[in-house]
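A short write-up of the structure that comes next.
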Ligand SMILES: Cc1ncc(C[n+]2csc(CCOP(=O)(O)OP(=O)(O)O)c2C)c(N)n1
Ligand SMILES: Cc1ncc(C[n+]2csc(CCOP(=O)(O)OP(=O)(O)O)c2C)c(N)n1
Ligand SMILES: [Mg+2]
Ligand SMILES: [Mg+2]
């Protein structure tokens, strides 16, 4: 069962006997570390990555502002972690499955989720693929192989193991990546997922964004060990720790991880060391549990700036391009936001559809009763009434919505 | 957060980079390994340990036979794992808490649980501390600091962390040990327990009996790593692997672990490498999933024989003593079994007591209705009727039973 | 027609489903080489390979998490939980994930392919943790279907439907019937409808409703009642969620009386839901209060299991009381 | 008397309990320095130290497992689950362990000291996973007590009782009332009884029953009803398990009508249990079917939350329908 040698005096180990290094390529000034080699990345792809990082940042800034203005009920930023999320996504095949936690909108941006698609979800309007059922930031896209976000933490991790097992049987050479925070990694589901992936030789990449906090709980109160990485040893799983603010290192590590997953059918754990620069969410105020100084120190390590400098050094990007892009992105966000806000809510029927493949008789009865009730008190239920009364409902909006689904 | 060095080429680790040795002292012929030193253990204690191992073995043999004769509904043997369980228990303070899985009757034997106490539980009679509510082998003893067994696997592991945290706050220098199988260690509860114990610096010893199987599932389908031990690295927890059939090594390792727990307020993981020599339970037949040859190889490593040889070499034990003890134990088991079998069942009230500290009005109504019903059909419910009808009920048995509880 | 016990019928259904569709996978604790602790998956690994029928590590939350992912991917997992008593570590994956997968994604993704099988119920001297009947927990969870078969024929037909149903199904197998219940079962593929109750006996004085192993118990009680001159209509609910209100309503409108029985504790058990619905829909037709004959509001006992269980005598007495009301 | 909102009242109760008994500990995700995401545990770490009020790792099954062990040891843990929606990973520890601890050990060991607090319910634009009302799952679990307060005064008195109760209590706090519900709350220690409902308004035509945040909604509906000439008796159940059958029975014997409302989905919700019991105990006195006004049998929605919720208008209409039956 075990292949180890005997000893005759008791010796305890703690894991401090060995070190897990951090893989880094890019310094904050945009130059490579001595001895470091940039991954193969042509200008087009590098700029695609960079643009996705910038789009994500701008989207986050604008939407957080919109939330503060009361236009949006809730928001969560990826800010500070764009390199980790987008670097990893760029290293995958676009048809690989992504099962994310909630702070990974960058992955969607990279794969081409449009501003409109973001906004429809954020405002839960009739075009939201999720039909206005989940809180803002719970995106999903079938065409982009991005599993709809679910709030309960870590549940997606064993699901990723299962999804990837199915991919292995299908034999089309795809893998699944699952993103999660160092906090979520405390859940029992994490342990189950890694163990099953190892035992069943599953092509799945477990990507931990170790951003130092789970809401207010610092990593030091989340676990006593040197990060998440050493947990891989418990499952004899390939593991690498990477500087999560270093897009080149993340890209390269994920490329290699994908090879291990797809070619050897073995799971890999990646721990990306990064920092949640913003508040946990629009409901949070970090000043209660961490210092400005700490935040400032990490702001210095901004992953976008780091990549920008590298691109400028290479001559692939310029300050003018930067300014122009930022301006146009801001404009675009605002325009799409205005569009999305104005769209009607999903139809009343959406309350009972998709509970099952078909609406059950009991649910149909409940819907009918609700319709009768709302017809009695239309003013009390403006959203529900709007889809009941053809005068209020945008003509054909119902149909449009299901049309749009085709592109989900 | 992490203290490790940087590298600039990606390097994946799996844990194969380091080895976890197995701590062993005693060879199968009863002599110590070269360089090995026996733990301090006087004759009296050594014989107490040995006797407990033998009592456990004899109890298991007889009760399994009784099960086969149909006298008992179910049974589970500790056979092959006596050294692991009893060696560990002997290294503790008698007031340390034990939270076991179900195969650890040896610990109770060592602490002085009587044959009568075993039998009353096994037959679920009126003297069973558990009032005939749980299946056989679900022992518990408050006075012996042995938590009542619960069938759902691994639930006791985080409970042990909590119990030990309470002990730490109480400041009386006690710790908790929790026993579990390598199968149970796959549960999410295990991961939660270790992580919380590390973070909160809890005096708890996690003792894994890695006996190669979880019912029919071999360890190789339970996890891919080198045993359970490397999981400790994920939590920066002290860990030691020990030959579980070597009572001296287990004793010594647990002594040291207890020191770490109680003096440093730090948790320890012990992985005892052993083998489940018998079937999983009386409901199981291992011939469907493992070979006789494998079983034979492990039978050669019998932990009781190994200790016996050591004792005989020391002149603390003899073949005559062995025979005499075995014979008297067998007799005693049979006699107590007969006594226990004949005892009446727990009273009908025991169906509704202990659900809450006090019987609720609704439960009282349910009990009253049941009594009325049974009085109508006494023959259909001989056990329930016996405690209803004072003629059938042993006089004062109710009272005796609660008397006995005083010693639970 | 061959005779099978319930285990053989279940094994046969799994065999047919796996033979027909290579996307069907069976897994769980000890289901591989050993064929499951009750042997419901016997020989499936041999026939379909280790990739499609396998042991999992001992972690129910992982088993169902894994199964949810597989189903989302398009596979058709049939996950076994060794005992229904051990389904609770997977409760979050079932209640928050399985049940809400389609709804929350607006049907972009679903886990409709998933079937969760678990041996369930009492009567085998299993005590607290090998006897529970947790159907009511799942019946309060929109998005799930919950099915309990009463005999081998039903088990095969309903399990095949469950596996092919577009929604996730929790399939509870009354384990005390595994070997005890034997009957004729067609060798070929067939399905029985999910969501439809079955009137197994017509009668006029009272409707007696149950599911799973209680159906045998009901039959014994009804035999006594009929001897006492009471004409009973008997209904096997079969699907706990969604449940067939209309069939029950129709029956109660006729008989004017209803008795519901289940092994689970009374408070919060599914009989309460049925009673609440029926008193509403049949208010003016009820001639006596709807009776519930259930387990006590306690954990499941051992030595006094017989006293705890809602047996035929308790049902018989309740039938008499209802008719005499 | 000072005015407090529900959060302040809860914080005050915890403070009193911790000051009085050093065995009382508060822990959970973010409850330490931060004082909990809703700030229910504000300043407790400051006052009582990190040993008695602390953050746990993010693992609900561990939090409750740990709490069970602590309670068995003799401590008095008050464990917070950040949202009731996230209690399900701990379901096994609660349902199989907490609830059965005393019974299975014949009272050798118990976890009666345990209280589990969780913010619960809808109305805060929380969607599927920040809105659930899972009380019925726990109410089907003998061995647990389940309590839901309706306002700050009730919250403080019931929480102090829960902490000191000899049985484990699941304490659900209607989070939409946290800041919205403000009232007079005595500064000193007091307890309110667990297991007793409260008649908050007397009336003669119909009994309207609820708990938690629904009580406010009921009050609005009743106001409309009284204006329409219908005299309503209002009952706050307060304890879901054990529940106070006698108070409800007494009221229904008087009014002849019963309406029960909760936010949770209808099927398998606790209103079903109440209806089933009351139709049995008040059969001959009921003048109309017992009505249930509840959430739909779906996961909790977001954009159409208002349409989903059992609001005062739905209750008002149901009151009218019941009286007009
Ligand atoms: C099962 C569960 N428990 C608790 C929560 C509440 N919650 C939401 S986010 C969060 C912190 C997560 O931290 P981490 O995993 O580190 O991710 P990060 O926010 O840092 O990206 C918590 C406790 C939840 N969503 N699900
Ligand atoms: C939560 C849970 N799942 C499944 C079971 C059924 N079961 C009982 S023992 C067992 C195997 C345990 O193996 P291990 O932990 O290695 O202990 P061993 O029997 O080898 O001592 C299983 C699967 C259970 N009791 N609890
Ligand atoms: Mg984090
Ligand atoms: Mg084992």
Q: Kindly indicate which of A:186, A:198, A:114 is within 16 Å of ligand 3 (Cβ to nearest atom) and over 13 Å from the mean Cα position of the chain (by Cα).
A: A:186
Q) In region D:1-38, how many residues are assigned to a helix (DSSP H, G or I) and under 21 Å from the mean Cα position of the chain (by Cα)? A) 12
Q. Any chance region D:45-65 includes a residue that's closer than 24 Å to residue B:354 by Cβ and within 20 Å of the chain's Cα centre (by Cα)?
A. yes
Q: With respect to residue D:99, determine if the residue is buried (at least 22 other Cβ atoms within 10 Å of the Cβ) and not in a loop (DSSP other than H, G, I, E, B).
A: yes
Q: Kindly indicate whether any position in region A:180-187 is out of contact with any helix residue (DSSP H, G or I) (no Cβ under 8 Å at 6 or more places or on another chain) and away from ligand 2 (no atom under 16 Å from the Cβ).
A: yes
Q | Cβ pairs under 8 Å, 6+ apart, first in region C:77-89 and within 12 Å of chain D (Cβ to nearest Cβ) and within 14 Å of residue C:41 (Cα to Cα), second in a helix (DSSP H, G or I) and within 16 Å of ligand 1 (Cβ to nearest atom) | A | C:81/C:64; C:81/C:90
Q.
When you scan region B:151-158, do you find a residue that is away from ligand 1 (no atom under 16 Å from the Cβ), surrounded by 24 or more Cβ atoms within 10 Å (Cβ to Cβ), within 8 Å of another protein chain (Cβ to nearest Cβ) and within 27 Å of residue B:331 (Cα to Cα), even just one?
A. no
Q) Taking residue D:74, is it free of Cβ contacts under 8 Å to residues at least 12 places away in the same chain and under 28 Å from residue B:353 (Cα atoms)? A) no
Q) Here are some residues: A:191, A:174, A:238. Which one is away from chain B (no Cβ under 11 Å) and either crowded, with 24+ Cβ neighbours inside 10 Å or touching a residue at least 12 places away in the same chain (Cβ under 8 Å) (or both)? A) A:174
(Q) Being in contact with a strand residue (DSSP E or B) (Cβ under 6 Å, 6 or more places away or on another chain) and either more than 22 Å from residue A:30 (Cα to Cα) or more than 16 Å from ligand 4 (Cβ to nearest atom) (or both) narrows it down to one residue among A:312, A:240, A:304; which is it? (A) A:240
Q. Which strands (runs of 3 or more DSSP E) sit wholly inside region D:131-226 and have at least 2 residues that are surrounded by fewer than 23 Cβ atoms within 10 Å (Cβ to Cβ)?
A. D:182-184, D:198-201
**Q.** Among residues of region B:222-269, those that are farther than 26 Å from residue A:225 by Cβ and out of contact with any helix residue (DSSP H, G or I) (no Cβ under 6 Å at 6 or more places or on another chain), counted
**A.** 4
Q. Is it true that some residue in region B:160-168 is within 16 Å of ligand 1 (Cβ to nearest atom), at pLDDT 95 or above, surrounded by 24 or more Cβ atoms within 10 Å (Cβ to Cβ) and closer than 26 Å to residue C:87 by Cβ?
A. no
Q.
Just the residues that are in contact with a strand residue (DSSP E or B) (Cβ under 8 Å, 6 or more places away or on another chain) and not in a helix (DSSP H, G or I), please, taken from region B:254-272.
A. B:266, B:267, B:268, B:269, B:270, B:271, B:272
Q: Check B:83, B:88 and return the single one that is buried (at least 21 other Cβ atoms within 10 Å of the Cβ) and more than 23 Å from residue B:312 (Cβ to Cβ).
A: B:88
Q: Filter region A:273-292 down to residues that are loosely packed, with under 14 Cβ neighbours inside 10 Å and outside any loop (DSSP other than H, G, I, E, B) and give me whichever is farthest from ligand 2 (Cβ to nearest atom).
A: A:292
Q) Out of all the residues in region A:233-244, is one or more in a loop (DSSP other than H, G, I, E, B), within 16 Å of ligand 3 (Cβ to nearest atom) and over 22 Å from residue D:89 (Cα atoms)? A) yes
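The values are calculated or read from the model by the stated rules, or taken from the named source; none is laboratory data. Note that the structure is predicted; figures quoted are calculated from it, not measured. We place every Cβ from the backbone using ideal geometry, glycine too, and count neighbours over all the protein chains shown.
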